[in-house]
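What follows is a short report on a single structure.
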Amino acid sequence: MIPIEAVLVLGLLLFAIGLVGVLVRKNLVVMLMSLELLLNGANVILVGLGRRLASPRGAIFALFVIIMAVSEAAVGFALVLAYFRQKKSSDVDALDDLKG
Amino acid sequence: MFVLIPLFPLLGAAANGLVGIRWFSRRAVGATAVAAAGLSFGAAVASFVGLLRSAEPAVVKTLFAWIPASLVRTAPGGLASLRVDLAFRYDALAAVMTLVVTGVGLLIHIYSLGYMAHDKSYARYFSYLNLFTFAMLVLVLGANLGVLFVGWEGVGLCSYLLIGFWFGKDSAANAGKKAFITNRVGDFGFLLGTGLLVYALGTIDIAGIAAAIGRGGLAKGTATAAALLLFLGATGKSAQIPLYTWLPDAMEGPTPVSALIHAATMVTAGVYMVARLHALFSFSGTALTVVALTGAFTAVYAATMAFVQTDIKRVLAYSTISQIGLMFIGLGVGAYAAGIFHLMTHAFFKSLLFLAAGSVIHALSGEQDMRRMGGLRARIPRTYRVFLIGALAISGVPGLAGFFSKDEILASAFASGNYLVWALGLAGAAMTAFYMFRLIFMTFFGEERFAAKAGELVHESPPAMLNPLRILAVLAVVGGYVGLPRLLGGGAWFARFLAPATGAHETGLSGATEMLLMAGSVGAALAAIVAAYVIYVKRRGEPARRFAERWQTLYRTVSRKYYVDEFYGKVFVGGALAAGRIADWVDRRVIDGLVDGTARLARRVSRLAIFFDEGAVDGAVNGVGRAHLAVSSALRRLQTGRIYNYALAVVLGVALVITIAVAVF
């Protein structure tokens, strides 16, 4: 039986890595990948806590998050592709057309 | 039947004026015009015969209601139903007038064929001539003052068109305008008189007016006022003092026009009108005296001006004015038939004189100045003979037309007891004889004074011109016998024929008195002729020249037409111009000043508005804009455009929310 603290630490680590990745990386693809990490860190915590509390709700929430993550990835990558086609780049710094 | 009389000239005028002017040959134009005049004359003769046979003294033919019956307020405070029809009235007076108009008109149409043969506006000329005939016939046939006025204006218009026929010449165009405008003054009086009759009686029907007067429905003062206003119209149309000045200038028109319009027909319209309304004038009495005095003074006054004229046509023009004055004497003493009788005989011999003068002018290729004529008796003997007949007739030589009519007028004037009028009339008649023979002697006797080149070209006129002259000459001789007085074995048939239309008039003079009067006027005329012979043939005009030198001021005054033209020009034309200048000044200074002032005020106000607009309104709007700009330029710095900045903001925001949530709960 894996202790709950280990699960929580893993989840927090994953979340933190994902968060940092989203905030500091300049490549859109990497940013999306980081976002996945972030979401999955949350999933780990949800599932782990669900198990600890002997409740299916954690797993059910995790499933919702996975579905949302899939949708997000599908839309996100489509956007990245379109963006890339226009700018010949996936660098997020070039994406400043709305800059005031 | 008689409605056809004016119809033919109208058709002729329309055919020549609308179609012929572009598409008819000269021959067709002339044939159309003469046929129209001829058919009209035929209709007039047929109507005349019909009138002689019928027992009815007058026939009225109503074509349609022109102004439908409508209530008008009349002077006594009542209401009357005024109705004006397009109606024609044919009676003895209309018969005489239509015969004169169409008869003389036809002869002048024929004469014009020759006289105007070389004119380029042939169709226009004949169209006007037919139109004039139509208008004149409407005038004499009108059964009420409305229809009469249509004709009255119609002849005025045609007179204007024909005087100004050669409108390329300044003097002709101006003469046309002068005639028209002078006539407008008279027409204004005519309209006022008609309006007064509507107001006083509620009718303008000629029979209706006479009937109303017979019933005593008209006050004496009103009758006098209406009659005098109408007579003002007559002085304009018939060229009497004070509105006569246009007629001598009207000689700018072609000579046949002078003969037809300004001698035989249109200028006698005033005489006709007064005779037509004899009931009104007789009732007034005062108006009748004014008519007689105006005629008498005009007769002498115009004759004096004829003494000094050197233009052959102008002598005849003044003679016409003087002769019409004589007709007005006849009317003014109540002898309406005598006035109309003289109108008819005058139409014969005056149109003869004008046409013969036209023949003289034609022979001399346009020369009108008698000082450059002389000795033409041998060159154009046929013209000379008819001219002499006309001159004898107008002078009142016994046996010719003028003698009978003139004598009847003078006898009536004497019988009326107004010896001033009679004396002036007698003087006018004697002066007529003098200036007519002055004209004859200057033109046909003595040495030839025309330029040598013109002399070679002197030629007798073509038959188309001479034959109408011959017919008119015959009429000028025999035309008087229809009114042969009882004294000379006649029956005064003319006066009896006219009596139903103009009322009977008896002079009441004894045969001896009448004979004495006749002898007196004949003696005066013969003396005048002899005097003219002595002065202008025996002494070659020497006494006349000496007289002119001796009495220079008088001579100049008369030959400048007593400066009446200058006076009218100064007072009326100048007055109108001055009034125009005053109105112009008021317009510029007062009206324009007001308008400009308003505009200036508006500009000043609007400048204030601009200030407010730019300062306050625009300031507020721009201030709002500038405030937004300032705020937004601060805020725009937040919009870095970098995703990770936004993401960081989201994270920090979430962290803040969680912190608050934890702290609170």
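The values are calculated or read from the model by the stated rules, or taken from the named source; none is laboratory data. No experiment lies behind these values; they were computed from the predicted model shown. Don't worry about glycine lacking a Cβ; one is built from the backbone with ideal geometry, like all the others, and counts go over all protein chains shown.
General observations
- A:VAL24 within 14 Å of chain B (Cβ to nearest Cβ), within 27 Å of A:VAL80 (Cβ to Cβ) and either without any contact (Cβ under 8 Å) to a residue 24 or more places away in the chain or of a type in the set (Gly, Ala, Ser) (or both): yes
- Helices (runs of 4 or more DSSP H) (entirely within chain A) containing at least 1 residues that are among the small types (Gly, Ala, Ser), in contact with a helix residue (DSSP H, G or I) (Cβ under 7 Å, 6 or more places away or on another chain) and surrounded by fewer than 18 Cβ atoms within 10 Å (Cβ to Cβ): A:28-52, A:57-87
- Of the candidates B:ALA223, B:ALA210, the single residue that is buried (at least 24 other Cβ atoms within 10 Å of the Cβ), of a type outside the set (Ser, Thr, Tyr) and assigned to a helix (DSSP H, G or I) is B:ALA223.
- When A:GLN86 is tested against (1) under 29 Å from B:LEU635 (Cβ atoms); (2) within 14 Å of chain B (Cβ to nearest Cβ), only condition (2) is not met.
- Count - residues of region B:78-98 that are of a type in the set (A, V, I, L, M, F, W, C) and either out of contact with any Ser or Thr (no Cβ under 9 Å at 6 or more places or on another chain) or over 27 Å from B:ARG53 (Cα atoms) (or both): 5
- Residue ID - surrounded by the fewest Cβ atoms within 10 Å (Cβ to Cβ), chosen from residues in region B:339-379 that are assigned to a helix (DSSP H, G or I) and of a type in the set (D, E, K, R): B:ARG371
- When each of B:LEU648, B:LEU601, B:LEU594, B:LEU577 is tested for being among the aliphatic types (A, V, I, L, M), closer than 30 Å to A:LEU23 by Cβ and part of a helix (DSSP H, G or I), the lone residue that passes is B:LEU648.
- Candidate set: region B:534-556, residues that are in contact with a helix residue (DSSP H, G or I) (Cβ under 7 Å, 6 or more places away or on another chain) and assigned to a helix (DSSP H, G or I); chosen: the one surrounded by the most Cβ atoms within 10 Å (Cβ to Cβ): B:TYR536
- Qualifying positions in region B:489-514 - exposed (fewer than 14 other Cβ atoms within 10 Å of the Cβ) and more than 30 Å from B:ILE209 (Cα to Cα): B:GLY489, B:GLY491, B:SER510, B:GLY511, B:ALA512
- Scanning region B:189-217 for residues that are over 22 Å from B:ALA87 (Cβ atoms), of a type in the set (A, V, I, L, M, F, W, C) and touching a Phe, Trp or Tyr at 6+ places or on another chain (Cβ under 8 Å) gives no hits.
- Failed condition for B:LEU487, given (1) of a type outside the set (Phe, Trp, Tyr); (2) out of contact with any Gly (no Cβ under 8 Å at 6 or more places or on another chain); (3) free of Cβ contacts under 8 Å to residues at least 60 places away in the same chain: (2)
- Positions within region B:99-122 being surrounded by fewer than 24 Cβ atoms within 10 Å (Cβ to Cβ) and farther than 22 Å from B:GLY50 by Cβ, in sequence order: B:ILE110, B:LEU113, B:GLY114, B:MET116, B:ALA117, B:HIS118, B:ASP119, B:LYS120, B:SER121, B:TYR122
- Search result, residues across region B:138-168 that are of a type outside the set (Val, Ile, Thr), in a helix (DSSP H, G or I) and in contact with a strand residue (DSSP E or B) (Cβ under 9 Å, 6 or more places away or on another chain): B:LEU141, B:LEU145, B:GLY146, B:LEU148, B:PHE149, B:GLY151, B:TRP152
- Yes/no for B:ALA259 being among the small types (Gly, Ala, Ser) and either closer than 24 Å to B:LEU293 by Cβ or touching a strand residue (DSSP E or B) at 6+ places or on another chain (Cβ under 8 Å) (or both): no
- Single unsatisfied condition, B:ARG27 versus (1) basic (Lys, Arg); (2) touching a residue at least 12 places away in the same chain (Cβ under 8 Å); (3) part of a helix (DSSP H, G or I): (2)
Each row is one residue, and each column tells you yes or no for (1) more than 14 Å from every other protein chain (Cβ to nearest Cβ); (2) basic (Lys, Arg); (3) over 30 Å from B:PHE307 (Cα atoms).
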residue	(1), (2), (3)
B:GLU566	yes, no, no
B:ALA602	yes, no, yes
B:GLY615	yes, no, yes
B:ASP618	yes, no, yes
B:GLY623	yes, no, yes
B:GLN639	no, no, yes
B:VAL650	no, no, yes
B:GLY653	no, no, yes
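- Test: B:VAL386 is in contact with a Leu (Cβ under 7 Å, 6 or more places away or on another chain) and modelled with pLDDT under 90: no
- Residue count for region B:380-399, restricted to those that are closer than 16 Å to B:PHE450 by Cα and either among the aromatic types (Phe, Trp, Tyr) or part of a helix (DSSP H, G or I) (or both): 0.
- Selected residue (criterion: nearest to the other protein chains (Cβ to nearest Cβ)) from residues of region B:625-637 that are in contact with a Gly (Cβ under 8 Å, 6 or more places away or on another chain) and not hydroxyl-bearing (Ser, Thr, Tyr): B:ARG636
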